[in-house]
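To start, the structure under review is shown below, and the notes come after it.
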Amino acid sequence: MTPSSHLSTNGMQHRWLVLGVIAVAQLMVVLDSTVVNIALPSAQKALHFTNGDRQWIVTAYALAFGSLLLLGGRLADRFGRKLIFITGLVGFAVASAVGGAATSFLMLVVARTCQGAFGALLAPAGLSLLTTTFPDQKDRGTAFGVYGAIVGSGGALGLLLGGVLTQYLSWRWCLYINLLFAAIGTIGALLLLRHNPSRQHPRVDLPSAVTICAAMFCVVYGFSNAETHGWTAPSTWGFIVAGLGLLATFVVLQSRVANPLLPLRIIRDRNRAGSYLAVFLAMAAVSGAYLFLTYYLQATLGYSPVTTGFAYMPLMAAAMVAGIASNVVLLPRTGPRLPVVVGMLLAATGMIWLTRIGLHSSFASALLGPLVLMGLGLGLVIAPANNTATFRLPPADAGVGSAMANTQQQIGLSLGTALLNTMAVSATTHYLISNERLATRPLYAKLVRLAAVDGYITAFWWAAGIFVAGAIICAMLFRPGVLAGQGDSTQVAVLDG
C-alpha cells in the first residue's frame, strides 16, 4: 500500500484537504475532554445527580477512550483506516446527540462512555491517515505542525467553547456541537479517502482488550465506592484488588499472544517507561484542578461559564510556552529528567498555593499565580515526556507507542478524577458532620459553601502529593543526560491529544 493510496483519484493534490478533515475530527475529540467540564455544574442542576456521581461524566469518557485506544489502532490496521475513521465519526455524533438529549444521569454517562469508545477508534485512525498522506519530509513537518497546534490548543478552546455554549444556549449544546464537526469530517472522508484494508490482516487481541477495560473499570469504580462505602468496604477494596489482578493478567497476556495490543518491549526502556508514568501521574494530579476549580469558580465565586473558561487561559498559555521551550531548548541539552522533575515540582507548588482559597478569594491574588505555575509545570512534564516516549521507536511500534502515551493521559485523568473526587466529597461530608452544631437556618448556606471549599482544598493537597511523588519517581527512573543519538535526530513527536 502506497502512502497516496488513501487519497481519492484526485491524488495527492488534495492532501491538504485531507489534513483539514483529520484536523476537524481530532479537534472534536480533544474538545470533548474539556468542553463538558465547564458545563458540568449546569448539567448537575438539570439532571439532579450528586457530587459523588459528577466525576463519572468526566471519567466515563476518559476511561473508555484510554482503555480502548490500543484496540482502536489494531482495528484500523485490520479493517482499513477509512472505514474505522468514518465509523468513529458517525458513532461519536450519535453518542453526542444522545448525550445532548439526556433526561437522566445514567443516559448521560452511557452517552459519554460511547463517545470515548468511538473516539478511541477515530484518533489512531486519523493519525495513521495523516502519516501515510504526507510521506514527503517537508510537507510532513508542516502537516504535523498544524496537527500539533490543534491538539495543543484544543483543550483551551474546549474550555472557552463550553463556557459560551453553556451561558448563551444550554449545557446540552456542548454535546450537540459535535454533530457539526462530525458532519464535516464524514463528508470530507467520504469524498477524499479510499478504503484500503491491510493485506496482512493482523488478528485483533480481543481477550487483552476486554481484560484491560475491565481492569481500569474495577480500579476506578473501587476508588469511587470509597466515597459512599469507605475504604474498608469489600465493594471498595474488592474492586481495586480485582482491577490490579486483571492488570497483571493483561501483562501476562501481552507476553504470550502473537499480536499483543502492547508489545512489552516498548516499556522495557527506562526513559520510555518513565515518560508514560510521568504523563499518567501528571494527568491524574491535574484532574483535580480542572474539576474542582470549575466548581469553585462557578458555585463559590459566582463566575459565569464564559468567565470560567477565560480563567483557565493563563494555565493554557503557560503550558504551551513551557512545552515549546522544554522540547526546543531543554530536552536537547539536558535530556528528559531535569524538565520533567522540575515541572512536577512547579505544578506541586501551584497546587499547594491553591489550598489558600476561601469563600471570597480574588482571581489575581489567589488563582492567577497557581494557574501559571501549574501551566509551566505541565508544559515541562507533558511535552518532553511525550517526545521521549516516541523517540527512536522502530517504525513497526510507532503507532502503538504514540497510542500508549495517549492512553496514559486518559487513564490518568479517569483514575485521578475518581480518586480526588472521592477525597473531596469525603472531606466535605466530614466538615458538615463536624460542624453540624452550626447548621442553623441563617448559617447553613454558608456552612455548605465552606464545606465545599474544604473539599476542594483536600483534593488540591492530594494532587500536590501526587506531583511530588511523581518528581521523586521520575528522578530515579529517567536516565541522566540527553537521549542517545538525539544530537543527530530532529524527531518531534506529535500525539493524539
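The values are calculated or read from the model by the stated rules, or taken from the named source; none is laboratory data. The structure displayed is predicted, hence computed values, not measured ones. Glycine gets a Cβ as well: all are built from the backbone with ideal geometry, and neighbour counts include every protein chain shown.
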Query - So Leu331, is it in a helix (DSSP H, G or I) and at pLDDT below 90 - result: yes
Report summary line: In the range 472-486, residues that are touching a helix residue (DSSP H, G or I) at 6+ places or on another chain (Cβ under 7 Å) and either surrounded by 22 or more Cβ atoms within 10 Å (Cβ to Cβ) or assigned to a loop (DSSP other than H, G, I, E, B) (or both) total 6
**Report entry** Gln200, sole failed condition from (1) loosely packed, with under 15 Cβ neighbours inside 10 Å; (2) polar (S, T, N, Q); (3) at pLDDT 85 or above
**Finding:** (3)
Report summary line: Flagged in the range 253-282 as without any contact (Cβ under 8 Å) to a residue 24 or more places away in the chain and surrounded by 15 or more Cβ atoms within 10 Å (Cβ to Cβ), in numbering order, are Asp269
Report summary line: Subset of the range 408-442, residues at pLDDT 75 or above and more than 21 Å from the chain's Cα centre (by Cα), comes to Val425, Ser426, Ala427, Thr428, Thr429, His430, Tyr431, Leu432, Ile433, Ser434, Asn435
Requested in this report: Go through the range 315-350 and give me each residue that's under 20 Å from Met476 (Cα atoms) and of a type in the set (A, V, I, L, M, F, W, C).
Outcome: Leu330, Leu331, Leu338, Val340, Val341, Val342, Met344, Leu345, Leu346, Ala347, Ala348
Report task. Can you confirm whether the range 229-236 contains a residue that is in a helix (DSSP H, G or I) and within 24 Å of the chain's Cα centre (by Cα)? Result -> no
Report summary line: Listed by first then second residue, the pairs whose first member lies in the range 73-95 and is without any contact (Cβ under 8 Å) to a residue 24 or more places away in the chain, whose partner is basic (Lys, Arg) and part of a helix (DSSP H, G or I), with beta carbons under 9 Å and at least 6 positions apart or on separate chains, are Ala95/Arg112
Query raised in the report: Given Thr103, Thr113, Thr87, Thr59, which one is modelled with pLDDT under 80, of a type outside the set (A, V, I, L, M, F, W, C) and not assigned by TED's automatic domain parsing to the domain that holds Gly412?
Result: Thr59
Requested in this report: Taking the options Phe310, Phe239, name whichever one is among the aromatic types (Phe, Trp, Tyr) and touching a residue at least 24 places away in the same chain (Cβ under 8 Å).
Outcome: Phe310
Query raised in the report: Among the residues of the range 357-374, is any closer than 16 Å to Gly470 by Cα, modelled with pLDDT under 80 and not in a loop (DSSP other than H, G, I, E, B)?
Result: no
Query - Selection count, the range 324-381, where residues are in contact (Cβ under 8 Å) with a residue 24 or more places away in the chain and farther than 19 Å from Phe292 by Cβ - result: 24
Requested in this report: Can you tell me which residue within the range 28-48, out of those that are of a type outside the set (S, T, N, Q) and farther than 23 Å from Phe181 by Cβ, is surrounded by the most Cβ atoms within 10 Å (Cβ to Cβ)?
Outcome: Pro41
